[in-house]
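The values are calculated or read from the model by the stated rules, or taken from the named source; none is laboratory data. Nothing here was measured: the structure is a model prediction, and the numbers come from that model. Quick reminder, even Gly has a Cβ in these numbers, built from the backbone with ideal geometry, and neighbours come from all protein chains shown. Keep in mind that these areas ignore ligands, DNA and RNA; they rest on the heavy atoms of the full protein, side chains included. Shrake-Rupley method; radii C 1.70, N 1.55, O 1.52, S 1.80 Å.
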Amino acid sequence: RSRTREPRPNLSNIGTEDDSIGSNGNGEEVQHRPTLPKHAKEERRDNNDRTNHCIRYLTALLICSAFIFLNEPSQSDHSNYGVIQHNLDNFQSASADRNKGRPAAAKLSSFTVDILSVGSINQLELLQSQKRAITAHLSVRNFFNVTEADDADPHCHKNITWEHVSEVANFCRSRKGKTLNRLITYFTGQYARTQWLAKKKNPPGWMCAQPRPYAGLMKAYTHYERTGEPLPNYFIIMDDDTFYNMELFQENFEKLDSSDETFTAGCLVRAPVHQINFTFPFGGFGSILSEGALSNLFRGMACPGWINNARAAEDSAQCNVLKKDNIGELQYFRNGMNIVELMYKYTTSEKYKDVDRWKTGFCMHSDWVIGYFANFYNVSKHVVDPFFRNVPHARIEAYKRSEIYRVGTGFCKNDQTCKEGSEICHRVSPEWLAKETLLWKAKMPDKFH
């Protein structure tokens, strides 16, 4: 049956690229392009030029976006970490001029504190909140942060499994084939049990974090070497869920001589004296190093007999400890190394993923490392407490008698029980950090940014 085609509208006067439909005389539909008037052709050329310009612009934009995307760290790794780095750089440069524009009466002393926060890419919000709270005080000059992105093995948290964790724990608690001195015996018995590790939210993450503070110390050391910036009066190492009230800190420490070589633990852990005289800082409550102690960490060691020229007597004392090789650190030492470099090599040379090939391994908890090197390598002066006057390796003070022996005392009790006005607190939330900072800003606006 024949169909009657409705006549199509005349498109000849419409300046578009639409095609009209007609017939070739054999009943077949064909397309033909309408004839455009001159003004329509010119308008079409203008439209084409604009369209081509837009296409070229969008193409260039897409290429640039692709380049940036391919060169950025993946979102699953640490893309937000770059934000913290960017803010860190801005903060460092701004902090150098922290008195600019302030009235003379409100200008602060030259008292400076640098912070090293040990964090994780899995809780960057906490690290950022801590940074905002701590750096709000005008005494804080630099805020160094360290996460998985700074680890010597940045993929450790992805590459090791529970089987690796379990094997490391079993290796370190057995230490087969080792000649055990008292220190190694103590560490072997205290190393994390698999039962304890299994209760942790992220056992591989915890294990990979053990060397991290020493990557952070290397980061800070490199900064001072590269920039020539003077060392701060005090340097505090803390976890990303730690709070220090910097106004109270300045009140307590500004009156002291920071060139004096002191190492103070926010909470000191003391081993049972009948086992061994060994102390170390509980990382969650921070380690406070004076300028003098920090300088000792950064000073190179040269040992007589290993090179021709000998250093001062204190270096010889360090070399004597080094030659005893108490915890297996001698194999990593090279003449001229400083203590930070030695700690970094000691904590990062043996990878957890290679545990099945370990001979000596890395069998220390993070806090034990700084405790050992501070006490045995004369980073700081001997403690004041006369009870320990005959213990040569007692060089870490407990801040305001805050320590854990049988029970926790002082600040050691401020664990998830943070109150307004707390000087030091551990396991704080971003909300508490923000609230406490606002309270102190309101009390002393001239002391804060």
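Summary table below
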{"read-out": "Evaluation of Phe249 against (1) assigned to a helix (DSSP H, G or I); (2) out of contact with any Ser or Thr (no Cβ under 9 Å at 6 or more places or on another chain); (3) farther than 19 Å from Asp367 by Cβ (one fails), failing number", "value": "(2)"}
{"read-out": "Residue count for the range 365-408, restricted to those that are in a helix (DSSP H, G or I) and closer than 30 Å to Tyr352 by Cβ", "value": "11"}
{"read-out": "Residue in the range 267-278 that is buried (at least 22 other Cβ atoms within 10 Å of the Cβ), in contact with a Lys or Arg (Cβ under 7 Å, 6 or more places away or on another chain), farther than 24 Å from Lys351 by Cα and not small (Gly, Ala, Ser) present", "value": "no"}
{"read-out": "Test: residue in the range 202-224 that is more than 26 Å from the chain's Cα centre (by Cα) and of a type outside the set (Ser, Thr, Tyr)", "value": "no"}
{"read-out": "Test result for Thr135, over 21 Å from Pro204 (Cα atoms) and either open to solvent by 10 Å² or more (accessible area, probe 1.4 Å) or out of contact with any Pro (no Cβ under 8 Å at 6 or more places or on another chain) (or both)", "value": "yes"}
{"read-out": "Residue in the range 272-291 that is among the hydroxyl-bearing types (Ser, Thr, Tyr), within 21 Å of His382 (Cβ to Cβ), part of a helix (DSSP H, G or I) and under 25 Å from the mean Cα position of the chain (by Cα) present", "value": "no"}
{"read-out": "Residues of the range 430-449 satisfying the condition of being within 18 Å of Gln130 (Cα to Cα) and either free of Cβ contacts under 8 Å to residues at least 40 places away in the same chain or exposed (fewer than 12 other Cβ atoms within 10 Å of the Cβ) (or both)", "value": "Glu431, Lys435, Leu438, Leu439"}
{"read-out": "Subset of the range 229-269 [touching a His at 6+ places or on another chain (Cβ under 8 Å) and either aliphatic (A, V, I, L, M) or at positive phi (or both)]", "value": "Met246"}
{"read-out": "Residue list for the range 144-177, filter: in a helix (DSSP H, G or I) and of a type in the set (Ser, Thr, Tyr)", "value": "Ser166, Ser174"}
{"read-out": "Which listed residue is at pLDDT below 95 and farther than 21 Å from Pro392 by Cβ, from Ala271, Ala302", "value": "Ala302"}
{"read-out": "Candidate set: the range 338-353, residues that are in contact (Cβ under 8 Å) with a residue 40 or more places away in the chain and farther than 12 Å from Val369 by Cβ; chosen: the one most open to solvent (accessible area, probe 1.4 Å)", "value": "Lys353"}
{"read-out": "Selection status of Thr222, more than 21 Å from Leu138 (Cα to Cα), modelled with pLDDT of 95 or more and out of contact with any Gly (no Cβ under 9 Å at 6 or more places or on another chain)", "value": "yes"}
{"read-out": "Criterion violated by Ile424 - all others in (1) of a type outside the set (Asp, Glu); (2) within 24 Å of Val321 (Cα to Cα); (3) crowded, with 21+ Cβ neighbours inside 10 Å satisfied", "value": "(2)"}
{"read-out": "Residues satisfying the stated conditions in the range 210-239, i.e. within 30 Å of Trp440 (Cα to Cα) and open to solvent by 10 Å² or more (accessible area, probe 1.4 Å)", "value": "Pro213, Glu229, Pro230, Leu231, Asn233, Ile237, Asp239"}
{"read-out": "Members of the range 178-209 that are in a loop (DSSP other than H, G, I, E, B), open to solvent by 40 Å² or more (accessible area, probe 1.4 Å) and either within 20 Å of Gly371 (Cα to Cα) or of a type in the set (A, V, I, L, M) (or both)", "value": "Leu180, Asn181"}
